Amino acid sequence: MAEAAELRACALSLSGPITVDTAPLIWRLLAYHLEVGATCELHAHEVVRLDGAGAQLLYAFVHEVERRGSMVRWVSASVEMIETARMLGMAELLGLTEEALAWRP
Amino acid sequence: MASMTTRIEAINAALLDTFREEASDGIDQLEARLLELVTRRDPELVDQMFRVAHTIKGGAGTFAMTAMTRVAHRMESVLDAYRTGAAPSQAAVNVLLEGADALRGLLAAGPGGGAPDEFAALESKLEAVAQRARGAPEPGAAALHGERTPATQLAIAIAPSRELFRAQVDPVPLFDQLAMLGELSVRADVSKVPAFAELDPTSCHLAWQLTLTGGPAEMVSALFGWLDELCAVTVEPIAPAAPPVATAAPRGELAAPAVAQVSAGSGPPAASIRVRLDKLDALMNLIGDLMTTQSTLSALGRAAASDPIRQRSALDELQRLTRSLQQSALQLRSMPISSVLNRFPRLVYDLAERLGKAIELEVIGEATELDRTVLERIGDPLVHLLRNSIDHGIEPPAERVAAGKPPAGQIRITVSARSDEVVIEIADDGRGLDTAKILARARERGLAAAARALSDDEIHRLILLPGFSTADQISEISGRGVGMDVVVRTIQELGGDLQLRSIRGAGSTTVLRLPLSLAVMDGQLVQFGGRTWIVPLASVAECTRFDARAITELVGQRTVIRVGDELVPVLDPCARLGIASRARHNLVLVVEANGQRRALLVDEVGPRHQIVVKSLSAQLARVDALSGAAVLGDGSLAFIVDVAALCSATEQETPRMTTTSRR
């Protein structure tokens, strides 16, 4: 099971697997965070696994934040997450920029 | 939610079944191509094997079969190296064959079976072979390839169904596999992803367009082939590559383990067979005709005035259709014997290698179809007969040359269908049976009376007795004498027959006769003991009127009857079955099995019928003179006599006649 996404002063930490099995729970947590609003900083260096369902969920979240006039900033991302997003052709769609790639534990 | 979980598990199990079938076929193909490579250096064979290994690796990865993925990956590396370099040596082929064996075992173990590093030693061997292949050519190897043709570009469109993620299928490992074929660029189509609030996170709303430079289209199709129900995939060649929108760099390591998780409790796959479409079409047509005829009869039945001619015609048509339907259904159960024989080339190769012999195997008639039940049981007996031929029959090359034979021994397996039986012959040009040695060994063990003269055929049949072996040494391959009697018993249980022919110095032939179907057979109705019985028509040699003057009692031995020019041992089936005899034997039915004949004394001989064989209950199955039962047209039950069991009755069991006359 995914570990809980923490709400931390407009920052959101994602950890554990973000997959079809954990996506429903993460969806609820992200939905709660959307209600709070503000610029969203995502810390994802502890994500151990991402699959197609997880990537789709993150895309929907990023897109919704942008639709509301805000933006998502990836502070960090794990290697697994970056490579999977690239393999799925979704790295740019998720906004996983060089800045995020530069920060790896 | 429970029904959704059940549905996902059902989809998973179905996908695993499909993968198992296709991977099993793939491994068989891999093995067959490897054996071909020993005698035929063809670069296309290596290409074919590479594609198969690649497909197996992809599928295994999807189901978390890590050990299988690793072995397949190593084999793929070896084959990839040989695609562009020299031909594989025999040593390399042997290591790849080991790999095929490992894949087969791991496939049978299924998800969760096999520790990831269980085949570490084999992986090291494969890696060593791959490294050698990439380096200097192996001694004696010849170059197979010239310039490779420029790689083509393929446009791959993937449109998954909503169920893809819920079926635990993730596209990432599949894209990984594609990336290993060549340069891959991936573009995700997110246009159908709903707004966050409406999104069901387990439902797939993504699609992809990929561009692959370098991989053949059929490999791509094969990779996605088993996902037909979950993904619509189109693969088309394109002209010069368009600049990629997003490039996915190929991963340096194996793809991460599975994304499709199959629960450990998925259980063994349900039994299934592959059926040709034309057989199914014929069956559907018959069913359609049957329904039409049934409607006609119903209408005739409702009509105010009867029309006996039309009724008779419709009933005749119904009978014809029912018989045809039965034949069609039986044909559905039939499969070509190649499904059993296709492992023999590998068996011959391995044994010949181990024994230092050269053997050429020829198989004729492998497309001949048998009932599936017969096929399931005939494999082991055939393997045993083949091993005996290789171990005891075929001589080493030097011995063969000294005997004026070619150095390579010949084994020919011929399969042919004749009316309602199949005949399988296994013939070799080896040493033949040593009748003197067989007789001596039989007499040593008390299996043959010293004073009694035996014909060559009778001596040959001694090797079918339990525990008999003339082998001076027990080899791992054969020689324990545990086998031929089991072969005979299996053949008899299938309602078949085994005969041996051998010529010393020239070779031996084993002939098996088996029924085409165990479900239906032609039977001869007979009466004895106040009941109706069925004797398999294939076992009936002739029927003649009983003449007491023809009975001869050989003092101290068997009671025989003269039938034509032959003395045939007499068998009173009532005494054999332990039922009261009316002692009113009017007829003699001469039956034959395994080369032996018996004269059954019966009261009456009835008509011949095609019957549907029913199995006996556990209690009745212990009666060794019965092989089944059938319901007759009048609804009564008749037992089927096991002629082989009757014929193999010992001399002591053969009853004496109460009335005799001397000639």
Relative contact order of the range A:16-64, defined on C-alpha pairs under 8 angstrom at six or more residues apart (%): 64 percent
The range B:294-413, Cα convex hull volume normalised per residue, Å³: 120 Å³
Inter-chain Cβ neighbour average for residues A:78-89, partner chain, 10 Å: 6
Accessible area of residue B:542 in the full protein assembly, 1.4 Å probe (Å², nearest 10): 70 Å²
Cα gyration tensor shape of the range B:598-639, rounded if a/c is under 1.5, else prolate or oblate by comparing a/b with b/c: oblate
Probe 1.4 Å - accessible area at residue A:64, Å² to nearest ten: 10 Å²
Burial ranking of peptide ranges B:172-185, A:46-59, B:119-132 (average Cβ count within 10 Å, highest at the top): A:46-59, B:172-185, B:119-132
Accessible area per residue, Å², the range A:32-86 with all protein chains present, probe 1.4 Å: 40 Å²
Neighbouring partner chain Cβ atoms per residue of A:29-35, average, 10 Å criterion: 1
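Kindly state, as a whole number, the per residue volume in cubic angstrom of the convex hull around the alpha carbon atoms of the range B:53-120.
Dividing the Cα hull volume of the range B:53-120 by its residues yields 69 Å³.
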Approximate spin-label separation residue B:455-residue B:120, in nm, with each point projected 7 Å along Cα-to-Cβ: 6.4 nm
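Which whole number gives the average, over all residues in A:55-61, of C-beta atoms from other chains lying within 10 Å of the residue C-beta?
6
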Packing-based ranking, highest mean first, of B:310-317, A:26-33 given that Cβ atoms within 10 Å are counted: A:26-33, B:310-317
Solvent-free Debye scattering, log10 I(q)/I(0), computed from the Cα coordinates of the range A:31-92 at q = 0.13, 0.20, 0.29 Å⁻¹: -0.34, -0.79, -1.32
In the A-B interface, the accessible area buried, summed over both sides, Å² (probe 1.4 Å): 2400 Å²
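The values are calculated or read from the model by the stated rules, or taken from the named source; none is laboratory data. Being a predicted model, the structure only gives us computed values, none of them experimental. All Cβ positions, glycine included, derive from the backbone under ideal geometry; neighbour counts span all protein chains shown. Just the protein is used for accessible areas: all its heavy atoms, side chains included, with ligands, DNA and RNA removed. Shrake-Rupley method; radii C 1.70, N 1.55, O 1.52, S 1.80 Å.
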